[in-house]
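**Q** One structure coming up, written as structure tokens, with questions to follow.
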Amino acid sequence: MEDPRVARASARVAAAATLFYALVSLWELWGPLPGGHLGNGAAAAMAGENMVRHRVLAAVLEPTVGAPTPAQLYTHHPYGTFFAGAVGYLVAGHGWVATKLPAAALSAATPWLLFAFARALWGPLAGAVTAVVFVTVPINLAFASYLNLEVPLLFSGALFSWAATRFFQTHRTRFILASAVGAWLTCQADWIGMVLVGGVGASAFLRAYALPERWSLRIDHRQHARWFGWVTAAALVTLLMYLGLFAKAGRLGDLAASAELRSHGASAPLGQVFGPRRTMWLLWMLPAPALLGVAAGAALSSLRITRSFSEIVPVWWLAAASLQYFGFRQGADVHVYWPHMYSVCAALGWGVFAAGVGDAAVSLRAPRLGVALAAGPPLVAALLSLRVGLPIAAQSRLTGGRFDDGGRYIGVDRDRHQFAQWATRDLPRDATVHLHRSMTPSWPLSYAMNRPHDVAATPEGASPLLVDARRCRAEELRALASSFSVRVVGPHWRVSPGPAGDLAALQYDEREPSWLERATVSGTDLVRTLHDRPDRLATWEWRHHLGLPGDPPSGEPDGPEAARVLHNAAVARGDLALAAELRAVVERQIQRRLDVSFSHGATLLGVRVDAGAATVMTLYWYATPAYAAGDVDFLVRSAVVAPPRLWPSRVDYFEKEIAPPAALRPELWRPGYLYAERVLVMRRLGTERFVGVFTARSGPAPRPLTGPERVPLVVLGG
């Protein structure tokens, strides 16, 4: 008999777990969407918005002005995620909230559904264990607000599993309806949802109509036939719906090509699959405590099927997750979140473990000891998973869900997306925005502009050209500045037809977020404010370095960056005494003095690190009177040299490039001037050692006059 005190305590624990996961899901809800995997949620949001605006059943992943054409249709997956994006648009309109809110809401509801499912199978204690483990698995914490296929699949799969289990136990009509809705949503979420729904449905059919009669003695066959009919219809109608829709658009070949691409390498031996990078990913997303839960579920649920037919449902979760991960290996090679379904398997595995221990304790007439033994190991596992999960959640937000990216620089691009939104806010809805080759197109960039775009070298017509100065050659910047009207916003340019040489830099503020902003806007990045008013110091610096006329500014500096620009202005005027005073102001900002001189005449004076919600590294440079400008970049790289304290997982083994090129390129620097290169550091887990090295696009790269070629910069631990 169920202990009411245990039932009440279990419900409270599950409610607390659900609340915790809801808060994680809503984290940074109002902030700009990053690039990377998390940024791909913009595609689902745009597809849903297009469905609502054009009133069509067609998924188009880019902003559209007119009705979508068949050639624009996305035909790789069912449209469940896009339907969620449509709801997000109806609730929140076009904005960053709409790209995250649907996933956050579905994620927030999933732990309670899993609690209800596991409670129906094994009782309230096992239900609470299942909910607690689920909300601590790192892959869930990392992708809770990601509007992708998996989040709707986990939600709808949990709904279907609970409803099907309750139907098998009661044969009540209301659970037929709930099962049908859950099956429909699960099949709409992803093709693999059909495996889960179809597997459970096929197993129920075999039990009722193919196996010996003693297996079906407790079945209400009329109700069972109704349940089977509705669930089967949900799966078949979904399949036929998309086959018909894609065939009508002439895109069935595209669907087949997608399946072939995703399954590439499926026949490779397991030893070739779990290389160092895949193993590192897996142990980040599903650390050992979670994998133990998966193993427990695989062993115990299979053994308990003869005891209760409902135990077949967790078995089909494991089967669907395994088909997803091992059957579509190319997807798993590219997407770190590919084993997301296993998070439910881990939670259910620890749930069935708690149920088994509890059953044994009851048979031994030791219920209190049973509660302790049933809940203790799963809670320890949950705490160990949480030790990995919370840092991994922060890493996901910091890197846009891309984590290591093979050591390449990860441009999360929140600044770019915010700039694009600002730069296109006054354009007509049907205007075409021109992107310079430096502004690599992406779904979050398209969502930010909310207008069609193309790639161009110069502005055309009335539409501006958006430029990322960090990824331009110096001659490109000079040509644009001398021929068009330019507004500089941080590292980005808005280039418009207008008076040649009309260049002004606008006020661009970057600061640490407040405590409230850490929760609502960004907990891992700076907060940026874009203004329409000119910044006289930045304007002079850009004009001066690009060869445009302008008088050197003067006045009292209101900060170290202003002192640096005024130092350069004093040098330009020949006021060397004032320049020396201002240089002293700038150099007081240096935390670690380096004084490394390079062969082309630049000296790296030192480095400063400011750590808060975001970690910012500033490199201070002096171009000596002998400075020889060249087309070079100073790259900052890091290596993890020690794991975090008490770390039960892997650390990133790649040497990683952590900084984009400077917007004011070294090719534009002038002798006698000071420069500050500000870098948002994407800190990795553990202690990192940072080094710097010059590279050249042509000719030999500058090298230190003394010391190693790779200049040690700083070591950041934690």
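**Q** What percentages, rounded to whole numbers, describe P(r) for the stretch 4-403 computed over all alpha carbon pairs with 20 Å bin width beginning at zero?
**A** The distribution over the stretch 4-403 is 28, 59, 13, 0, given as percents.
**Q** Let me understand the stretch 405-550 better: what is its radius of gyration from the alpha carbons, and its Dmax, in angstrom?
**A** 15.6, 45
**Q** Mind checking the dipole of the chain: about its Cα centre, +1 per Lys or Arg Cβ, -1 per Asp or Glu Cβ, Debye to the nearest 20?
**A** For the chain, the charge dipole is close to 2040 debye.
**Q** How large is the dipole of the stretch 1-119 about the Cα centre if only Lys and Arg carry +1 and Asp and Glu carry -1, each at its Cβ, rounded to the nearest 20 debye?
**A** Here the stretch 1-119 has a charge dipole of around 260 debye.
**Q** Please arrange Thr69, Thr687, Thr136 by counting, for each residue, the other beta carbons lying within 10 Å of its beta carbon, fewest first.
**A** Thr69, Thr687, Thr136
**Q** Okay, moving on. Go through 452-462, 198-208, 487-497 and give me the packing order, highest mean Cβ count within 10 Å leading.
**A** Result, highest mean Cβ count within 10 Å first: 487-497, 198-208, 452-462.
**Q** What is the Å³ per residue value for the convex hull set by the Cα atoms of the chain?
**A** Roughly 173 Å³ of hull volume per residue.
**Q** Which of Glu561, Glu556 comes first, and how do the rest follow, when ranked by fewest Cβ neighbours within 10 Å?
**A** Glu556, Glu561
**Q** When only C-alpha pairs under 8 Å and at least 6 residues apart count, what is the relative contact order of the stretch 299-433, in percent?
**A** 14 percent
**Q** Can you tell me, using C-alpha contacts under 8 Å and at least 6 residues apart, the relative contact order of the chain as a whole percent?
**A** 12 percent
**Q** Given a Förster distance of 30 angstrom, what is the FRET efficiency for Leu23 paired with Arg222, based on the Cβ-Cβ distance and rounded to 0.05?
**A** So, using R0 = 30 Å, E works out to roughly 0.10.
**Q** Could you point to the residue in Val632, Pro428, Val565 farthest towards the positive end of the chain's charge dipole, with +1 and -1 charges on the Cβ of Lys/Arg and Asp/Glu respectively?
**A** Farthest towards the positive end: Pro428.
**Q** With axes computed from alpha carbons, what is the tilt in degrees of helix 367-399 against the longest principal axis of the chain, rounded to the nearest 10 within 0 to 90?
**A** It works out to around 30 degrees.
**Q** For the stretch 594-718, with the dipole built from +1 on Lys and Arg beta-carbon atoms and -1 on Asp and Glu ones, taken about the Cα centre, which of Leu705, Leu680, Val693 lies farthest toward the positive end?
**A** Going by the Cα projections, it comes out as Leu680.
**Q** Then there's this: With only Lys, Arg, Asp and Glu charged, each at its Cβ (+1 for the first two, -1 for the last two), find how big the charge dipole of the stretch 583-628 is about the Cα centre; round to the nearest 20 debye.
**A** Dipole size: approximately 80 debye.
**Q** Run the helix sum for the chain: -39,500 (n - 2.57) per DSSP H stretch of 4+ residues, divided by residue count, reported at 222 nm to the nearest 500 deg cm²/dmol.
**A** The helix contribution divided over the chain gives -16500 deg cm²/dmol.
**Q** To the nearest 0.05, how large is the calculated FRET efficiency for Tyr653 and Ala295 if R₀ is 25 Å and r is the Cβ-Cβ distance?
**A** The value I calculate is 0.45.
**Q** Expressed as a rounded percentage, what relative contact order does the stretch 594-718 have, with Cα pairs under 8 Å and six or more residues apart?
**A** Computed value for the stretch 594-718: 31 percent relative contact order.
**Q** Subtract the Cα-Cα distance of Ala628 and Glu581 from 0.36 nm times their separation in residues, and report this length gain in nm to one decimal.
**A** That works out to 14.4 nm of additional length.
**Q** Could you state the angle between the C-alpha long axis of helix 80-92 and the longest principal axis of the C-alpha atoms of the chain, as a value from 0 to 90 degrees rounded to the nearest 10?
**A** Helix 80-92 sits at roughly 60 degrees to that axis.
**Q** According to the Kirkwood expression over distinct Cα-Cα pairs, how big is the hydrodynamic radius of the stretch 1-136, in Å?
**A** 16.6 Å
**Q** Among Val388, His37, Pro660, which residue has its Cα positioned farthest towards the positive end of the charge dipole of the chain, with +1 placed on the Cβ of Lys and Arg, -1 on the Cβ of Asp and Glu, and the dipole taken about the Cα centre?
**A** Val388
**Q** Here's a follow-up. On a 0 to 90° scale, report how tilted helix 576-587 is relative to the longest principal axis of the chain, with both axes built from alpha carbons and the result rounded to the nearest 10.
**A** Approximately 20 degrees, to the nearest 10.
**Q** Taking every pair of distinct Cα atoms and averaging 1/r, then inverting, what Kirkwood hydrodynamic radius in Å comes out for the stretch 594-718?
**A** By the Kirkwood definition, the hydrodynamic radius is 15.3 Å.
**Q** Whole percent per 5 Å bin, from 0 to the bin with the longest distance: what is P(r) over all C-alpha pairs of the stretch 458-520?
**A** Result, from short to long distances: 4, 17, 24, 20, 11, 7, 6, 7, 4 percent.
**Q** If neighbour count is taken as other Cβ atoms inside 10 Å, put Lys100, Lys656, Lys248 in order from fewest to most.
**A** Lys248, Lys656, Lys100
**Q** Per residue, what volume in Å³ does the Cα convex hull of the stretch 105-211 take up?
**A** So the per-residue hull volume is 103 Å³.
Values quoted throughout were computed directly from the atomic coordinates according to the rules given, and no laboratory measurement underlies them. As the structure is a computational prediction, the values presented were derived from the model and not from experiment. Every residue, glycine as well, gets a Cβ built from its backbone with ideal geometry; the counts of neighbours run over all protein chains shown.
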